[in-house]
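Down below is the structure, laid out as structure tokens.
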Amino acid sequence: MAEAVLKSFEENKHLIVEAGTGTGKTLAYLVPAIAAALGQKKRVVISTGTKNLQEQLMEKDIPFLQRVMPKKFAAAYMKGRSNYACLHRVRKAETQPILESLDELDNFQKVARWTRESPTGDRAELVDLPENIGFWRDINAKGEACIGQKCAEFENCFITRMRRNAEDADIVIVNHHLFFADLNIRGNEYGRVLPDYGAVIFDEAHLIEDIAADYFGFQVSSFQIDELLRDVDRLPITDVGLNRDLTKQAAKIIGLADQFWARFVQGRSQDGRFPLAQGAFAQRTNSGEIQATPLGDAYFNLDTALERLENTLVNQKDDQSEIESVVRRLRQTRFDLDFVCSQAEKNYVYWLERRGRGIFLRASPIDVSALLQDKLFDKTETVILTSATLSSNGKFDFIKNRLGLEAEKTDALLAPSSFDYHKQAIVYLPKAMPDPRAPEFLQHAAAEIVKIVNATRGHAFVLCTSNQSMNALYELVSLRVDFPCFVQGSMAKNALLERFKNTPHAVLFATSSFWQGVDVRGERLSCVIIDKLPFAVPTDPIVAARTRFIDENGGKSFFDYSVPQAIITLKQGVGRLIRSATDKGVIAILDPRLRTKGYGRDFLNSLPRMRITAELEDVAQIFSGAEDNRKAGNFR
């Protein structure tokens with residue numbers, strides 16, 4: 001893998017590498033990246049999908065290489081702006097109340113003292129404070145509230161320091177969200193977030209398409225408008241009459257916004273993602289005229305009030321720096337709201353998401369391949385994409401097509417894991433399971449899970465494809481086994497994972513966030529049970545738009561998109577089991593379509609080379625040390 005990465009740097013080509021667990025892929029790309037950064041004077045950005053991997057790179061791999069590499073190199077770590085404290089906003093908050101309760105006063109004073117001593121201003125340093133500090137949103141260095149070089153704290157600013165460190169670095173570590181936030185604004189009036197670079201390495205590259213779609217899209221949320229109005233209230237305006245007028249305007253906007261958002265939640269009692277119907281805001285009458293719907297009227301009233309607030313602020317005479325920042329945010333909010341509500345761009349999908357008390361209106365590009373080709377692959381000499389799960393049935397066609405990688409400019413490498421899956425793991429496919437869409441499937445699945453966890457004495461993840469399935473299986477199984485059972489959502493993810501690791505014979509029921517980026521080694525996790533093949537929900541607005549786009553352009557969306565995507569997700573779930581050379585265990589997949597459907601063979605062929613069985617008694621063999629038995633054989 002290291003040789004393939006080095007070749008890509010030398011030939012200015014792109015590279016896709018699937019590197020199985022245990023390959024040592026971080027060192028395999030870091031060493032040639034450092035050589036290229038020093039030898040070719042080419043700064044390399046390394047972008048990851050998870051915080052755990054960033055910390056591994058900065059706290060373990062890079063310090064190790066700085067000790068042993070023959071030439072010295074510098075590395076910097078960049079996070080999103082909201083992770084850092086804003087000195088200007090902290091100083092302002094010391095004289096202007098932002099706290100929701102007196103209970104927060106001690107914590108705020110600790111944070112204020114910390115900002116005077118911290119070299120980085122990184123929220124992660126505040127290990128002794130609660131994870132969720134209510135006032136952090138009012139003092140963090142979020143970009144939309146920044147007044148830039150006009151700020152009195154600009155030279156001491158933690159963001160300024162972070163950027164200077166990155167400018168001096170050969171290797172810059174970021175996450176995918178920060179990378180695509182930067183890529184989206186490069187070349188426009190806001191400039192850039194990251195320093196210039198000659199090459200990019202994406203680790204956990206299977207996440208790129210969805211994250212890119214977020215950042216190349218448009219979004220307005222109820223939280224965003226509420227926060228904007230709070231910042232208007234805190235502007236340093238001395239004119240009493242103007243302040244009174246702004247207070248009235250803000251109160252009117254709050255009322256209009258409530259009416260606007262209320263129309264979206266009517267009839268939707270649950271959180272979720274929902275498509276915005278074409279014509280939701282305006283419809284053509286029988287006479288051919290365009291007429292606003294009630295939702296369109298609510299949008300027009302809200303936009304008119306936001307425009308009036310914008311004009312009021314533009315025309316006032318006080319100190320302009322903070323006011324200009326708010327005006328810029330107002331204009332961007334109105335632009336994004338207009339983009340979503342007008343629904344004019346045909347290559348976008350328009351949708352809303354309800355999440356707790358928040359409502360998010362979004363417009364996302366249906367296909368990001370052309371955008372990525374234009375903004376990234378054509379403009380960057382070398383892009384390396386690596387993950388444990390990028391191929392489908394041994395091929396990279398799916399990921400190349402989805403991301404816009406041209407075949408002649410892109411090399412590929414399949415680097416299998418160094419683990420001996422044939423000896424370390426077995427795949428159990430139970431016999432006579434009903435179709436997953438059948439009403440009796442849950443009862444049969446629960447019965448199988450009970451038998452499996454009794455055979456493995458717990459030590460199991462039960463990975464489900466939906467919250468509904470997860471909760472139902474937890475209720476059915478937990479009462480029928482003598483092992484501690486936990487369910488996702490009962491506590492914070494990290495706390496739940498630690499509790500699982502520290503509880504003998506535990507069984508954890510979970511959904512999407514536990515399918516990837518979770519590392520449990522040893523006997524504590526000896527069994528991974530997957531309820532169904534993880535096909536994306538067909539009614540999800542983005543999934544529905546992508547499949548329709550493929551079909552309308554002559555493709556077959558099920559085989560061109562749904563199956564390959566589900567294969568990659570399944571491989572992520574399977575990858576939770578074997579995390580070291582000494583791990584052993586069983587993968588149980590309860591979905592009978594692996595046997596009954598033709599595409600089932602594609603799923604099985606995409607997994608590591610493991611033995612497969614339909615007999616539960618064979619599962620015990622993997623723990624007894626037996627390498628073969630009479631009924632378990634290879635599936636290829």
Which percent of the accessible heavy-atom area of the range 214-319 goes to carbon and sulfur, probe 1.4 angstrom?
48 percent
Send over the Kirkwood Rh of the range 504-636, from the inverse of the averaged 1/r over different Cα pairs, rounded to one decimal Å.
16.6 Å
So for the range 435-586, using the alpha carbon gyration tensor with a ≥ b ≥ c as root eigenvalues (a/c under 1.5 gives rounded; past that, a/b versus b/c decides prolate or oblate), I'd call it prolate
Can you tell me the equivalent ellipsoid semi-axes for the range 26-92? Use √(5λ) from the Cα gyration tensor, largest first, whole Å.
28, 14, 11
With the other protein chains left in place, how much accessible area per residue, in square angstrom, belongs to the range 294-363 at a 1.4 angstrom probe?
46 Å²
Positive-end extreme of charge dipole, the chain - chosen from ILE62, ILE359, PRO436 (charges on Cβ):
PRO436
Normalising by the residue count of the chain, find the relative contact order in percent from Cα pairs under 8 Å and 6+ residues apart.
17 percent
Given charges of +1 on the Cβ of Lys and Arg and -1 on the Cβ of Asp and Glu, with all other atoms neutral, how large is the dipole of the range 71-153 about its Cα centre, in debye to the nearest 20?
660 debye
Could you point to the residue in GLN259, ALA492, TYR599 farthest towards the positive end of the chain's charge dipole, with +1 and -1 charges on the Cβ of Lys/Arg and Asp/Glu respectively?
TYR599
Hydrodynamic calc, the range 160-286: Kirkwood Rh from Cα pairs, then Stokes-Einstein at 25 °C with viscosity 0.890 mPa s, so D in µm² s⁻¹ is 127 µm²/s
From the mean inverse distance of alpha carbon pairs (Kirkwood) and the Cα radius of gyration, derive Rg over Rh for the range 320-455.
1.14
How big is the dipole moment of the chain about its Cα centre under a simple scheme where the beta carbon of each Lys and Arg is +1, that of each Asp and Glu is -1, and everything else is neutral? Debye, nearest 20, please.
1060 debye
Computed P(r) (all Cα pairs; the range 349-417; 5 Å bins; percent)
3, 13, 20, 17, 14, 11, 11, 8, 3, 0
The range 280-370 - percent relative contact order, Cα under 8 Å, separation 6 or more:
18 percent
Given Cβ point charges of +1 (Lys, Arg) and -1 (Asp, Glu) and nothing else, what value in debye, to the nearest 20, does the dipole of the range 471-585 about its Cα centre take?
280 debye
Over all distinct Cα pairs, what is the inverse of the mean 1/r for the range 185-237, reported as the Kirkwood hydrodynamic radius in Å?
14.8 Å
For the range 35-168, alpha-carbon Rg over 2.2 N^0.38 Å
1.23
From the residues GLY143, LEU413, VAL543, which one has its Cα farthest along the dipole of the chain in the positive direction, the dipole being from +1 and -1 charges on Cβ of Lys/Arg and Asp/Glu about the Cα centre?
LEU413
For the chain, what does the helix formula give at 222 nm: sum of -39500 (n - 2.57) over DSSP H segments with n ≥ 4, over the residue count, nearest 500 deg cm²/dmol?
-12500 deg cm²/dmol
From Cα pairs below 8 angstrom and at least 6 apart in sequence, can you work out the relative contact order of the range 1-108, rounded to a whole percent?
19 percent
Subtract the Cα-Cα distance of ARG161 and ASN553 from 0.36 nm times their separation in residues, and report this length gain in nm to one decimal.
136.3 nm
Too-long pairs where the Cα-Cα distance tops 19 Å, listed order kept, from LYS379/LYS556; LYS41/LYS79; LYS51/LYS395; LYS501/LYS584:
LYS379/LYS556; LYS41/LYS79; LYS51/LYS395
Rough spin-label spacing in nm, given labels placed 7 Å along Cα→Cβ, for PHE335 and ASP378
2.2 nm
Give me the mean projected area, in nm² to one decimal, of the convex hull enclosing the Cα positions of the chain.
32.3 nm²
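The values are calculated or read from the model by the stated rules, or taken from the named source; none is laboratory data. Just so we're clear, the structure is a prediction, and the values are computed from it rather than from any experiment. When we count neighbours, we look across all protein chains shown, and the Cβ atoms used for this are built from the backbone with ideal geometry, even at glycine. Note: accessible area is taken over every heavy atom of the protein model, side chains too, but ligands, DNA and RNA are not part of it. Shrake-Rupley method; radii C 1.70, N 1.55, O 1.52, S 1.80 Å.
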